Every structure is written in C-alpha cells, then in structure tokens.
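For reference, the structure I am asking about is given below.
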Amino acid sequence: MEIPERYDSKEAEPRWQKHWEEHGIFKFDASDTRRECFSVDTPPPTISGKVHLGHAYSYSQQDFIVRFQRMLGKNIFYPFGTDNNGVATERLVEKMKKVSARNMPREAFIQLCSETVEKELKPEYVQDMKRMGMSFDFSLFYDTIDTHARRISQRSFIELYKKGREYRKDAPAMWCPQCRTGISQVECEDKEVDSFFNDIVFKVQHKDGRAEDVVIATTRPELLPACVAVMFNPEDSRYQKFKGMDVAVPLFGQTVKAIADKRVSLEKGTGIVMCCTFGDQTDMEWQKAYALPIKTAIGPDGKMTSVAGKYEGKTVHEARKEMLAELKAAGLLLAQKAIKHAVKVHERCGTEIEILKTKQWFIQYLDLREEMLEWGQKLNWYPPHMRHRYEHWVNGLQWDWMISRQRFFGVPFPVWYCKECEGVILANESDLPVDPLKHQAPVSACPKCGCVSFVPESDVMDTWATSSLTPLISTELVKDPEMRKKLFPMSLRPQAHDIITFWLFNTVVKSRLHFGVNPWKDCVISGHAQDPHGRKMSKSKGNVVEPQAMIAKYSADALRFWAAGSRLGEDLPFQEKDLVTGEKFATKLWNAARFSFLHLADYKDEKMKLELVDRWLLSKLSRIVTDATAHFNSYEYSKTKSDTEAFFWRVFCDNYLEMVKDRLYNPQQRGIEARRSAQYGLYHALLTVVKLMAPITPHITEEVYQRFYAAHEGKKSVHIAAWPTAGTVDEDAERVGDFLLEAVEHMRRAKSEKKVSLKTPVKKMFLKGKISTEEFSEILPELKSVTQAGEVEYERLPESAETAFICDLEL
C-alpha cells in the first residue's frame with residue numbers, strides 16, 4: 001500500500017482525536033459486567049485560566065497508565081471533571097470581568113461565575129485536553145459545582161452531621177483578610193519574611209505601688225491592644241516573682257495578669273511573651289486554658305478595630321509602623337533585632353492570615369490521627385516515599401477541618417437555623433440540592449422550641465469538602481448500582497505531590513468516615529514541571545512555557561514524549577531538545593514503517609522456521625515486552641519508554657533493518673523462506689514497538705497501526721488492541737546475534753576512525769569468537785551484506801579465552 005513520504009502530525013493528530021471520539025474508543029461500557037474494571041479518580045482541574053505545562057506533564061503521565069490498562073483488555077472508567085467552585089474561580093472572574101463580588105448582588109455574581117466558566121473557560125480547557133491526546137471518557141463529565149455534585153456534597157454533609165462528626169462553633173479560626181473568608185489548615189503555607197524582634201517595655205505593678213520594667217520581645221506590636229496576659233515559663237527564675245501580678249500594657253494601658261506556663265520557650269526572645277487574642281495557636285490554647293477575655297483588634301478586612309483606639313481603620317502594617325514610632329518616642333522601644341521567620345499565608349493569594357473569632361462549621365477528626373496513619377499505610381503508594389508526606393501532615397494536624405467559607409460561588413450548606421434557639425434544621429435528602437437563601441426550611445416550626453422563623457445559612461462549603469468526594473461524584477454518574485460496586489473503591493488515584501495534604505488526605509478522610517474503606521487501591525504521585533533551570537514556572541519570572549505553543553511548534557506526541565522522560569514522582573525541568581527527540585522518534589518510526597510495509601504487501605502471518613537473526617531480534621524484543629509490562633504494572637512508564645526507544649533505534653533500525661535488506665530485496669539468492677522469515681520478524685517487531693509506545697505517543701502509533709495492522713488484527717484502534725505478550729527467549733540465538741552485532745558495530749567504528757564512508761567495501765575481515773563455526777555460518781550472509789566484506793575468516797576461541805571477540809579489518 002502507498003504511504004506518504006512524510007508524517008504530518010498537524011494533520012494527523014486532530015484526525016485521530018476525531019476518530020477516537022466518533023468511534024467511542026475510550027468510552028466506558030457500563031453494561032459490560034464480564035470484564036475487569038479499572039476505575040480512575042481523575043483529578044478535576046480548577047479552570048483558572050489555560051491548561052499549563054504542569055497539566056500537560058501530570059495528566060500525560062496518568063494517561064500513559066490508563067492507555068496501558070485499556071490495552072490489557074480492561075473496562076476503563078476514566079471520567080473527566082472540573083473543579084470550579086470556590087475562591088480560585090471567584091478571583092479569576094473578578095479579574096476577568098473587573099468586578100468585586102462584595103459590591104454586587106450575590107445572585108448576580110454567582111450567575112456571572114457560572115456563565116464565565118461555561119461559555120469562556122471550560123470549552124477551550126476541554127479542547128486543550130483533547131489536543132494533548134488524553135483518553136478520558138468525556139461523556140462521564142462532572143463539575144464540582146453542578147447539580148449532581150452539589151447533591152452529593154450536601155448529602156455528605158447531612159450524613160456526617162447525623163454521625164456526630166460535624167459541629168458549628170463560634171471560636172477562633174484562621175482567616176484570610178484578602179479573601180474575606182475563614183480557611184482551613186491545609187490552605188495555609190509557611191512563607192519566610194523579614195521582620196524584627198521588638199523589645200518593648202511593659203510595667204509590672206507591685207503591691208506597694210512600685211512599677212518594675214519587664215521587656216517583652218514581639219514581632220507583632222500591632223496586637224498590643226489585644227493583649228490579655230503575659231506568660232513566662234515556671235522554670236524561668238527571672239520572672240517567677242511576677243506570677244499573679246498585674247502588668248500594664250504600653251500605649252493602651254490595660255492591665256493583664258502575669259501567668260506561668262510551661263509552653264513558653266526559655267530561649268526565644270526575652271523569655272516572657274504576650275498572650276493576644278489571637279496571634280497564633282498557642283494564644284488560642286492559653287485563652288481557653290485560663291478563660292481569658294477575647295479582644296479583637298483586627299477585623300475581617302484586615303484593618304484595626306475600635307479596640308485599637310486611634311489606630312482604628314489602619315491596616316496591620318500601617319498600625320505596626322505607627323505604634324513602633326510612638327513606643328520609640330516614649331522610650332518604650334529598647335531595641336530591634338532583624339530576623340527572618342515563617343508566617344502563615346493563604347496559599348490562594350499569599351496574604352498573611354489572622355486568627356479571628358467567627359462562627360464556622362467543622363468536621364471533627366483530630367481524635368482520629370492514629371487511625372489516619374493506619375489508613376495511609378493501607379494504601380499502595382507509588383513511589384513509596386510519598387507516604388511520608390501524608391504521615392508528616394497527619395502528625396502535624398492541630399485543627400479540626402473547617403469546611404465553611406464566607407464566599408459566594410460554592411456549594412451551599414443545606415442548613416437553616418431556628419431564629420430563637422439557633423437549632424440546626426437540615427434539608428430533606430429528597431430535596432437536594434438546595435440553597436437555603438432561595439428555598440424554605442423543610443419544617444414549619446422548630447422541633448425544639450416551636451419557633452416558626454428560620455435563618456438560612458449564607459456560608460458555602462470549602463471546595464475541598466466537595467472535591468474530596470470525587471470517587472462518589474464520578475462513580476454515581478453510572479446509574480447501575482451493581483456496576484458502581486465494581487468501580488468503588490476505585491483502582492487508582494493519580495495526582496501531583498503538592499496536593500497530598502489537600503485532595504488525597506481529605507478524600508481518604510471522607511471515604512473512611514462514610515464507608516469505612518479507603519477510596520482507592522493505588523495512588524500514583526507525579527512531580528512538577530519546571531523551567532530549564534529547575535525553577536518553578538511563574539508569569540512573574542517570565543519563564544512560563546505554554547503547552548499549546550509546544551504542540552503547535554512540534555506535536556502533542558512530542559510533548560507527551562517529554563513528559564515520559566522522568567520517573568514517577570520526580571520534578572522534570574523542561575528541555576525543548578526533548579521534544580525535538582520526540583519528533584525524531586516519530587519520523588524514524590514513520591520511515592521504518594514505510595520500509596517495512598513496502599516489504600509486507602504479500603505477507604501472511606503464519607508460523608514458520610525462522611532464521612537465526614530473526615530469532616535473535618524477537619528474543620531480544622521478548623525481554624523488552626516482559627520488562628515493559630512489569631514497569632507499567634508498577635507505574636514506571638519512563639522505563640518502558642527508555643527501553644523500547646533504545647531497542648527501536650539501536651537494535652531494530654540501526655542494525656536489524658540493515659541485516660534483512662539482502663533477504664528482502666534478493667529472495668532469488670537467499671530463498672523465499674529466508675525472505676518470509678525476515679517478513680515475520682519485520683511484522684511482529686514493528687507491531688510490538690508500536691504497541692509498546694502507543695500509551696506514550698498515541699497519534700503516530702495509531703497512524704502506523706491503521707496503515708497496515710488494523711486490517712490484520714480487526715481492531716478500530718491500536719488503543720483497544722491487545723498489549724503485546726512476551727514470546728520465547730532464545731539464549732543461543734541472542735548469543736550468536738550479539739556476536740554479529742558486535743562485529744557490525746566494530747566495522748562501523750573502524751570506518752569512522754579512518755574517516756571513510758560506511759558504504760566503503762571491506763576487503764577482508766578477520767574474526768575470532770566463542771560461537772561455533774556452524775553458528776557463524778548462519779550469520780555470515782548478514783555479516784557480509786551489512787559490512788560489504790569481500791572475504792571473511794573466522795576462528796573459534798577456546799572457552800578459557802579471556803576475551804570473546806576479536807576483529808581486524810582490511811579496508
């Protein structure tokens with residue numbers, strides 16, 4: 001059959017993407033109860049812009065795994081979802097539309113978010129995923145803000161509330177002043193900043209009326225108006241005399257008690273500290289332990305409140321600067337020491353968090369930390385060391401999971417409150433999803449006090465409270481309950497390492513609280529795509545590489561080829577030369593296919609006695625198949641890629657194709673059977689290479705497969721063709737074939753060293769080795785054909801000889 005001289009990826013890739021979609025190649029068969037299911041808890045990306053290189057990297061890697069499992073004949077459940085509720089989407093829409101959520105009607109803003117996502121963001125995002133060759137079943141589509149997801153999220157809330165795992169409390173909680181919402185521990189990250197330890201004079205009031213100076217070092221003088229106690233370690237002899245005494249706070253004049261508590265560090269600062277409501281977790285513990293009053297000096301907007309007196313309305317940094325100036329003028333600022341220290345910031349916007357007393361909903365789970373560690377141990381982690389990140393997070397938990405957010409575009413709590421007794425009224429599950437701001441409470445009177453007035457909850461759920469339910473959200477797209485039992489717990493959770501503490505941990509928690517089982521069997525953790533210097537990509541650094549541009553310049557297969565270049569879990573610097581290598585592979589595969597198909601037009605796939613060189617090739621390839629299958633089963637796709645690529649270039653293209661040309665072009669001299677043996681080797685070796693590389697480079701392999709093999713195998717796509725099975729390993733053929741290969745490569749090196757063309761005939765070759773003369777005679781025709789040697793002499797070496805190969809040439 002006639003094959004174009006060049007492979008045009010720009011024309012072929014969209015064509016095959018359309019073919020896969022039209023023929024339902026990747027469609028899950030919900031009616032097939034016979035085949036083994038392989039279900040994937042696909043990460044739903046937040047559509048906060050275009051698909052970036054990190055998406056291309058991590059989603060390609062999970063797609064390699066899924067395509068391999070599909071070729072094993074499994075019924076693949078590989079849905080695609082998007083995660084569009086929450087702060088990220090709100091901030092993007094505010095930026096795109098130049099609006100402020102707090103300055104427009106709530107419902108209007110929610111509608112604007114929905115329309116922007118659906119009409120402007122999602123279509124291009126989904127199309128980018130298709131352009132990258134992702135084999136999702138796009139008919140299994142969900143969004144974490146759609147009706148289906150809201151129903152499941154609200155059902156989860158009601159179930160956990162009834163189990164006693166959820167509570168609402170007016171208590172200190174982490175707060176982002178920029179986003180104007182409470183946040184959970186997982187949404188905080190440490191950021192090192194330049195600051196000062198400020199040594200400030202407080203006045204200890206003795207009973208005899210004397211005032212004694214005591215110096216407290218603090219990085220946050222703006223919390224002076226919120227100071228409710230001073231604390232020292234009971235083992236610190238310097239301050240024991242102050243226990244129970246009154247201490248006057250500078251600038252604001254309130255009198256607080258000096259309290260001894262072992263949580264005060266003897267080494268940090270001056271050894272005596274303020275307790276403010278609230279500066280950190282320890283302040284919260286002290287306030288609760290000693291029933292201290294709560295003074296809120298910083299408001300939800302990040303500005304000073306009336307508690308701060310004349311500083312009211314100032315930002316935190318403005319108040320800090322002015323207070324320090326006033327303290328210095330009054331002689332109460334004795335010293336400042338420059339330091340670097342870590343502060344908690346909101347991972348969404350980078351704003352330093354505050355701790356404010358607010359009413360929030362929580363999931364109680366701090367009591368389950370030992371069980372959480374056991375849950376993690378029962379998961380299969382790939383790579384195994386990623387489990388340590390999970391365990392480190394569990395061991396560092398200090399808060400229950402706060403799931404309420406003071407935002408707009410999110411899943412509403414299915415809750416109303418009695419206006420009189422504040423009793424909780426839950427929605428009926430049959431009514432879900434509901435929005436309490438739009439819908440009436442499901443009861444006419446409070447069951448506790450009889451009140452007929454209700455207050456709807458206006459907060460929305462944390463996005464992770466919903467996205468932690470993706471195993472349910474996705475599998476409940478399938479209506480047959482028996483099939484759902486085959487899908488959950490799921491086979492695989494693929495994700496990046498930076499959200500182990502976000503998505504993975506919370507999903508395990510939800511699954512355990514609801515069902516008592518882990519949500520999946522295996523979790524595979526990918527690394528990050530970095531710039532060529534190993535740095536994180538960001539617009540501010542100007543080092544962003546857009547995958548769309550790389551696909552336009554090279555191809556989707558080339559981009560995927562690059563993504564397969566790292567081991568699972570490793571970060572990978574972007575090197576454009578790797579895409580060039582991917583393009584060269586596609587070109588070489590195309591050229592090898594053109595040559596092969598030229599000689600396979602009359603081929604009949606039937607068993608026959610094979611020539612030694614063909615047995616050598618297929619034995620080598622059998623080892624590759626065995627290893628590749630094992631690698632893929634342990635999610636080490638990069639090893640399959642590197643092994644197959646090395647075999648394809650060095651063994652198949654550089655040597656085998658040269659060795660069989662004489663048999664293919666001159667059957668009258670070598671015999672028809674010798675030619676048929678070469679055809680057998682060509683057919684099966686090329687087909688196997690195509691299938692081994694199909695998960696990684698799906699388009700070029702589909703093109704080659706459809707040009708010839710589809711008609712022979714009767715499959716609509718290489719991606720639903722059977723994964724190769726390992727054949728017989730022929731160690732004798734490999735030993736003799738390796739000798740031939742060494743002789744050919746020695747000849748090439750010799751010609752290169754003498755700077756003569758590889759086509760230059762060899763007058764005479766003198767070879768010594770440990771293969772028998774009979775074995776040497778089997779490879780002699782190929783040796784003479786490739787080397788163009790006129791005369792060849794061979795001498796067998798004794799088994800005791802130190803070397804197994806000697807070769808001299810006469811050009």
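Taking the range 708-731 only, how many residues are open to solvent by 60 Å² or more (accessible area, probe 1.4 Å), over 32 Å from the mean Cα position of the chain (by Cα) and at pLDDT 95 or above?
3
Further question on the same structure: Of all the residues that make up the range 306-355, how many are closer than 15 Å to Phe196 by Cβ and among the basic types (Lys, Arg)?
Matching residues across the range 306-355 total 5.
For the range 593-609, state whether one or more residues are in a helix (DSSP H, G or I), closer than 15 Å to Tyr7 by Cα and among the aromatic types (Phe, Trp, Tyr).
yes
Looking at His55 and the list (1) open to solvent by less than 20 Å² (accessible area, probe 1.4 Å); (2) of a type outside the set (Lys, Arg); (3) under 19 Å from Ala563 (Cβ atoms), which single condition is not satisfied?
Result: His55 fails condition (1) only.
Determine which member of the set Lys641, Lys553, Lys620 is under 23 Å from the mean Cα position of the chain (by Cα) and not β-branched (Val, Ile, Thr). Walk me through how you get there before you give the answer.
Values: Lys553 fails: under 23 Å from the mean Cα position of the chain (by Cα); Lys620 fails: under 23 Å from the mean Cα position of the chain (by Cα).
Of Lys641, Lys553, Lys620, the one residue that is under 23 Å from the mean Cα position of the chain (by Cα) and not β-branched (Val, Ile, Thr) is Lys641.
To continue, here is another question. Please go through the range 446-495 and pick out each residue that is closer than 19 Å to Asp522 by Cβ, free of Cβ contacts under 8 Å to residues at least 60 places away in the same chain and of a type in the set (D, E, K, R).
Of the range 446-495, the ones closer than 19 Å to Asp522 by Cβ are 468, 470-472, 474-475, 485-495.
Right, trim to free of Cβ contacts under 8 Å to residues at least 60 places away in the same chain and you get 468, 485, 489.
Residue satisfying the conditions is Lys485 alone.
Can you find even one residue in the range 395-408 that is outside any loop (DSSP other than H, G, I, E, B) and surrounded by fewer than 18 Cβ atoms within 10 Å (Cβ to Cβ)? Working first, answer last.
Applying the first criterion (outside any loop (DSSP other than H, G, I, E, B)) to the range 395-408 yields 395, 401-402, 404-405.
Imposing the further condition that a residue be surrounded by fewer than 18 Cβ atoms within 10 Å (Cβ to Cβ) reduces the set to 395.
So far as the range 395-408 goes, yes, one or more of its residues are outside any loop (DSSP other than H, G, I, E, B) and surrounded by fewer than 18 Cβ atoms within 10 Å (Cβ to Cβ).
Would you tally the residues in the range 189-243 being under 29 Å from Lys344 (Cα atoms) and in a strand (DSSP E or B)?
25
In the list Thr255, Thr270, which residue meets the criterion of being at pLDDT 95 or above and either open to solvent by 20 Å² or more (accessible area, probe 1.4 Å) or over 25 Å from Ala319 (Cβ atoms) (or both)?
Numbers: Thr270 fails: at pLDDT 95 or above.
Matching residue, one of Thr255, Thr270: Thr255.
For every residue, the table says whether it meets (1) touching a helix residue (DSSP H, G or I) at 6+ places or on another chain (Cβ under 8 Å); (2) under 15 Å from Arg663 (Cα atoms).
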| position | (1), (2) |
| --- | --- |
| Lys607 | no, no |
| Glu611 | yes, yes |
| Asp614 | yes, yes |
| Leu618 | yes, no |
| Thr626 | no, no |
| Phe632 | yes, no |
| Glu645 | yes, no |
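A follow-up question, please. With the structure loaded, tell me whether Val524 is β-branched (Val, Ile, Thr) and open to solvent by 10 Å² or more (accessible area, probe 1.4 Å) or whether it fails that test.
Values: β-branched (Val, Ile, Thr): yes; open to solvent by 10 Å² or more (accessible area, probe 1.4 Å): no.
No, not satisfied.
Additional query: Assess whether Val443 counts as being open to solvent by 30 Å² or more (accessible area, probe 1.4 Å), free of Cβ contacts under 8 Å to residues at least 24 places away in the same chain and out of contact with any strand residue (DSSP E or B) (no Cβ under 8 Å at 6 or more places or on another chain). Quick ask: steps written out before the conclusion?
On the way: open to solvent by 30 Å² or more (accessible area, probe 1.4 Å): yes; free of Cβ contacts under 8 Å to residues at least 24 places away in the same chain: yes; out of contact with any strand residue (DSSP E or B) (no Cβ under 8 Å at 6 or more places or on another chain): no.
It is false that Val443 is open to solvent by 30 Å² or more (accessible area, probe 1.4 Å), free of Cβ contacts under 8 Å to residues at least 24 places away in the same chain and out of contact with any strand residue (DSSP E or B) (no Cβ under 8 Å at 6 or more places or on another chain).
Would you confirm whether or not the range 753-768 contains a residue that is touching a residue at least 12 places away in the same chain (Cβ under 8 Å), under 26 Å from Asp627 (Cβ atoms), touching a strand residue (DSSP E or B) at 6+ places or on another chain (Cβ under 7 Å) and open to solvent by 10 Å² or more (accessible area, probe 1.4 Å)?
No; the residues of the range 753-768 include none that is touching a residue at least 12 places away in the same chain (Cβ under 8 Å), under 26 Å from Asp627 (Cβ atoms), touching a strand residue (DSSP E or B) at 6+ places or on another chain (Cβ under 7 Å) and open to solvent by 10 Å² or more (accessible area, probe 1.4 Å).
Residue check: is Val660 assigned to a helix (DSSP H, G or I) and either in contact with a Pro (Cβ under 8 Å, 6 or more places away or on another chain) or under 24 Å from Pro4 (Cβ atoms) (or both)?
Values: assigned to a helix (DSSP H, G or I): yes; either in contact with a Pro (Cβ under 8 Å, 6 or more places away or on another chain) or under 24 Å from Pro4 (Cβ atoms) (or both): yes.
Here the answer is yes, as Val660 does meet what is asked.
Something else: Given the residues Asp208, Asp190, Asp213, which is the only one that is more than 30 Å from Trp416 (Cβ to Cβ), within 32 Å of the chain's Cα centre (by Cα) and of a type in the set (D, E, K, R)? Steps first, please.
On the way: Asp208 fails: within 32 Å of the chain's Cα centre (by Cα); Asp213 fails: within 32 Å of the chain's Cα centre (by Cα).
One residue alone meets the criteria, Asp190.
Working only within the range 317-346, note down all residues that are surrounded by 17 or more Cβ atoms within 10 Å (Cβ to Cβ), at pLDDT 95 or above and of a type in the set (A, V, I, L, M).
Ala319, Met323, Leu324, Leu327, Leu332, Leu333
Which residues, counting only those in the range 354-365, are under 26 Å from the mean Cα position of the chain (by Cα) and either within 30 Å of His317 (Cα to Cα) or hydrophobic (A, V, I, L, M, F, W, C) (or both)? Can you show your working first?
Within the range 354-365, the first condition is being under 26 Å from the mean Cα position of the chain (by Cα), and the residues that meet it are 363, 365.
The answer is Ile363, and nothing else.
Now for a separate question. On the given criteria, is Asp531 surrounded by 15 or more Cβ atoms within 10 Å (Cβ to Cβ), of a type in the set (Asp, Glu) and touching a helix residue (DSSP H, G or I) at 6+ places or on another chain (Cβ under 8 Å)?
Working: surrounded by 15 or more Cβ atoms within 10 Å (Cβ to Cβ): yes; of a type in the set (Asp, Glu): yes; touching a helix residue (DSSP H, G or I) at 6+ places or on another chain (Cβ under 8 Å): no.
Against the criterion (surrounded by 15 or more Cβ atoms within 10 Å (Cβ to Cβ), of a type in the set (Asp, Glu) and touching a helix residue (DSSP H, G or I) at 6+ places or on another chain (Cβ under 8 Å)), Asp531 does not qualify.
Which residue pairs have Cβ atoms closer than 9 Å, lie 6 or more positions apart in sequence or on different chains, and pair a first residue in the range 506-518 that is assigned to a helix (DSSP H, G or I) with a second residue that is of a type in the set (Asp, Glu) and open to solvent by 30 Å² or more (accessible area, probe 1.4 Å)?
Arg512/Glu371; Leu513/Glu159; His514/Glu159
The values are calculated or read from the model by the stated rules, or taken from the named source; none is laboratory data. Everything numeric here is computed off the predicted structure, so don't read it as measured data. A quick note on method: Cβ atoms are made from the backbone with ideal geometry, for glycine too, and the neighbour counts reach across all protein chains shown. Heavy atoms of the whole protein, side chains included, go into the accessibility calculation; ligands, DNA and RNA do not. Shrake-Rupley method; radii C 1.70, N 1.55, O 1.52, S 1.80 Å.
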